[in-house]
Structure formats: structure tokens, C-alpha cells
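Data block below; observations after.
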Amino acid sequence: MRTSASRHIRLRGNYRNMEEKLIRIVAAFVSVISLVSVFALYHFPQLRLWAEETAAFREQKSLEEDEQMTRLEILDYNMENIVEKGEGEVFSQQLRLEIPEGVKSEEVTLENNYLTQMFTITIPQADEYYLYDYPMVGRSDNIADMTYKSGEGEGVVEIQFGEVFEVESTYDGQYLYLDFLTPRELYDKVIVIDAGHGGDSSGTIKQGISEKDLDLAIALKLKEVFEEDKESKVGLYFTRTDDSNPSAEQRVSLANILQADLFISIHNNATESGRFSSISGTSVLYDGHDESLGAKHFAEICLDELTKALGSINKGLAEENETYILSEAKVPAALIEVGFMTNQQELANLNSAEYQRQAAVGIYQAIMRAFDEGY
Ligand SMILES: [Zn+2]
């Protein structure tokens with residue numbers, strides 16, 4: 001009994017010795033580390049910079065996590081900070097981003113989606129700490145929301161506008177400056193062109209030809225016609241320029257948000273039964289819900305110019321009260337049915353590049369005439 005008790009005491013004594021030893025080792029280790037860091041921080045500026053950046057990073061991270069500040073609030077905070085520090089080179093531009101070291105400006109991609117009013121900046125090599133390492137500064141007015149995501153070797157900043165902006169970008173070394181301009185600052189007139197259908201919505205399909213493709217082809221030809229007119233100060237906005245299918249709401253909102261001078265939707269017709277017939281020609285739909293918009297007269301102009309340019313039969317105007325994009329439009333709107341896909345000859349015409357081009361010229365002339373008439 002005694003022996004074992006004394007052994008216990010001895011063992012405890014050994015433990016105490018070991019603890020003391022361990023404490024001494026840790027203390028020595030800590031002081032060496034501190035000495036090394038103090039030495040390093042003062043002798044290697046890069047390390048000091050790193051320490052400062054880490055502090056800035058912690059500050060922003062705690063703002064985000066503890067204060068639950070949004071990206072926009074952090075932007076304002078950063079801006080106030082640089083103004084206070086006197087670094088606020090008062091830049092007239094809206095935003096300044098810093099591109100990570102080693103990334104070239106041409107590797108950064110910028111995409112402005114007018115339909116969703118979302119501006120996307122994709123930055124290679126930007127990781128989850130990108131905005132901490134390279135704080136963004138600028139003004140948050142005009143921005144409704146901002147998010148940042150990273151993964152797969154790149155970072156994506158998404159800027160949600162509440163309206164349509166044109167974004168002008170300039171680079172100065174590693175800095176990317178972004179300016180937001182309203183279309184009205186750039187153009188005398190603004191129009192929205194809507195190619196019907198798209199994606200899963202083909203519209204009429206006849207002999208392997210889909211209406212959505214004809215509608216888009218004419219819209220893209222119209223783009224060319226405007227590009228050839230070097231004098232033109234008309235801003236052209238498209239609801240689609242590819243095989244996508246925006247919702248009816250997105251299509252008409254684009255015209256409304258832009259407060260477009262004119263809104264034109266391009267479609268093609270078919271007989272009710274869908275059977276081929278001798279019926280052919282151009283017709284234009286409008287909604288007369290708000291006479292002050294002058295939609296009916298604009299539709300007349302379209303019908304007149306289209307039939308002249310195409311030599312097609314005038315199938316007249318049609319008042320439509322149940323076509324969403326027309327009834328929701330707060331701007332003068334017309335839906336053009338260029339021709340009948342259920343007429344063999346007209347289908348062949350509509351499928352030819354020359355006829356599509358003529359349709360585009362007719363629409364262009366209608367737009368110009370409408371402007372002359374005060375739209
Ligand atoms: Zn259609």
C-alpha cells in the first residue's frame with residue numbers, strides 16, 4: 001500500500017516536471033516567433049504590407065459578418081474611408097476596382113444584360129478574399145444591389161441596376177474604372193426591338209422553318225441597317241439577339257424601363273388552321289388602351305412603310321387588347337406580322353436573306369418617319 005502511494009507521488013512529481021518543461025519550451029518558442037515577426041515586419045516591407053492588408057481584411061470581414069453589412073454598404077464605407085484618409089482622388093467615375101496582381105485587363109470580362117439590368121464583371125484568379133485584398137471604392141447610387149461570388153479560379157461581381165445603364169470602362173494600370181451612363185446621355189432616341197418567340201417557343205413551324213428564326217433574322221438585319229447609318233443617334237435595344245426566350249414581362253419591361261420612344265415586336269403570321277393557303281401579306285397589331293401614346297398611328301406608319309418596302313399585300317391594322325406586350329406597353333408599340341408562313345410563296349420570301357433585309361429596311365423607314373412625325 002505504502003509503496004504504491006509513494007509511487008503515485010513520484011509519478012505526479014514527474015508530471016509536474018514535464019509540465020514545467022513544456023511551458024518553458026512553449027514560452028521560448030513564442031518569444032522566438034515574436035522576435036522573428038517584429039524583425040520581419042520592420043525589415044521586410046512586403047510582410048508589413050501583408051500585415052496591414054490582413055488588418056483591412058479583418059475589418060471588412062467583421063463588417064460583413066458581425067455588422068451584416070451588404071456589399072453596397074461596405075462600398076460606401078470604403079469610399080468614406082479613402083475620402084477621410086485624403087486618398088479620395090475625387091474620381092468622377094462611378095466605381096473603381098483593382099485587378100489582382102498578375103491578371104491583365106484584357107482577361108477581365110464585362111457583360112451588360114439590358115434585359116435583366118445586371119452588369120457582370122468576371123475576374124480571373126480572384127478568390128474568396130478578392131474584395132478584402134483589393135477593396136472596391138466608388139459611389140453606390142444607381143446600384144440597387146451588388147454581390148460577389150468566387151470559384152473555379154475566378155471571381156464574379158454582379159451589379160444589379162434598377163434601370164438600364166450603358167457602362168463605359170477604362171483601365172489605368174491595375175485599376176478598372178466604370179462609368180454608368182443613361183441611354184439618354186448617349187442617344188437622341190431610344191427604341192426597343194423585340195424578335196418574337198425564341199428557345200422552346202418556336203412559333204409557327206412550316207417545312208422545317210421556325211417563325212422564331214425568321215423573326216430574329218429580321219431583327220438582326222435591322223441592327224445592320226442602323227449600323228450602316230453612321231449619322232444615326234438612335235440607341236437600339238433588343239429583347240433578344242440569340243435563340244433565348246425572354247418572358248413577355250421582360251420584353252415589355254425593357255421598353256417601359258427605357259421609356260423607349262418606340263417599341264416594335266417582329267412576328268410572322270399563319271392561317272388559323274395552320275394550313276397552307278393563298279392568304280398572304282403584312283399586318284400590324286396595336287393596342288389602343290392609351291390614345292395619348294399614338295400607337296394606332298405608329299402602327300399605320302409601320303404598315304405603310306413595310307408594304308412599300310416589301311411589295312406585300314396590305315392586310316390591315318388590327319386592334320388587339322389581349323396581347324400582353326402591347327397592353328402593358330407604356331410607350332408607342334406595334335406588333336408587325338411581316339408575312340404569312342402558310343403561303344408557299346411568302347414562306348419562301350420570308351426565308352430569303354434579301355426579303356428579310358427589305359423587311360428591315362421597311363421597319364427602319366417606319367422608325368425614321370415616326371421620328372419625323374414627332375414620336
Ligand atoms: Zn409570333
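Quick rundown of the values:
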item	result
Fraction of accessible area attributable to carbon and sulfur, segment 183-280 (%, probe 1.4 Å)	43
Aspartates and glutamates whose Cα lies under 15 Å from that of residue 212, excluding same-chain neighbours fewer than 8 positions away	194, 200, 242, 243, 337
Cβ-based net charge around residue 239, under 12 Å, with every Lys or Arg adding one and every Asp or Glu removing one	-2
Calculated from backbone phi, Karplus (6.51, -1.76, 1.60) coupling profile of segment 130-143 in Hz, x at Gly/Pro	3, 6, 7, 6, 10, x, 8, 10, x, 9, 9, 4, 6, 9
Rg and Dmax of segment 185-372, Cα atoms only, in Å	15.2, 49
Karplus-derived HN-Hα couplings along segment 202-216 (A = 6.51, B = -1.76, C = 1.60, θ = phi - 60°), whole Hz, x at Gly and Pro	8, x, 5, 10, 9, 6, x, 9, 9, 4, 4, 6, 5, 4, 5
In order through segment 270-275: 3J(HN,Hα) via Karplus (6.51 cos²θ - 1.76 cosθ + 1.60), integer Hz, x for Gly, Pro	8, 5, 4, 6, x, 8
Protection proxy ranking, peptides 131-138, 115-122, 358-365, average beta carbon neighbours within 10 Å, highest first	358-365, 131-138, 115-122
Probe 1.4 Å - accessible area at residue 79, Å² to nearest ten	40
Residue pairs, from the table 104/223; 233/330; 221/308, whose Cα atoms sit over 25 Å apart	104/223
Residues whose placed amide H lies under 5 Å from that of residue 270, excluding near-sequence neighbours	341
Cβ crowding within 10 Å averaged over residues, with 295-308, 157-170 ranked highest first	295-308, 157-170
Amide proton proximity set for residue 155, modelled H, under 5 Å, gap of 5+	123, 125, 126
Per residue accessible area of segment 130-203, 1.4 Å probe, in Å²	43
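The values are calculated or read from the model by the stated rules, or taken from the named source; none is laboratory data. In this text the structure is predicted, and so the values were computed from the model without any measurement. All Cβ positions, glycine included, derive from the backbone under ideal geometry; neighbour counts span all protein chains shown. In case anyone asks, the SASA skips ligands and DNA or RNA and just uses the protein heavy atoms, side chains included. Shrake-Rupley method; radii C 1.70, N 1.55, O 1.52, S 1.80 Å.
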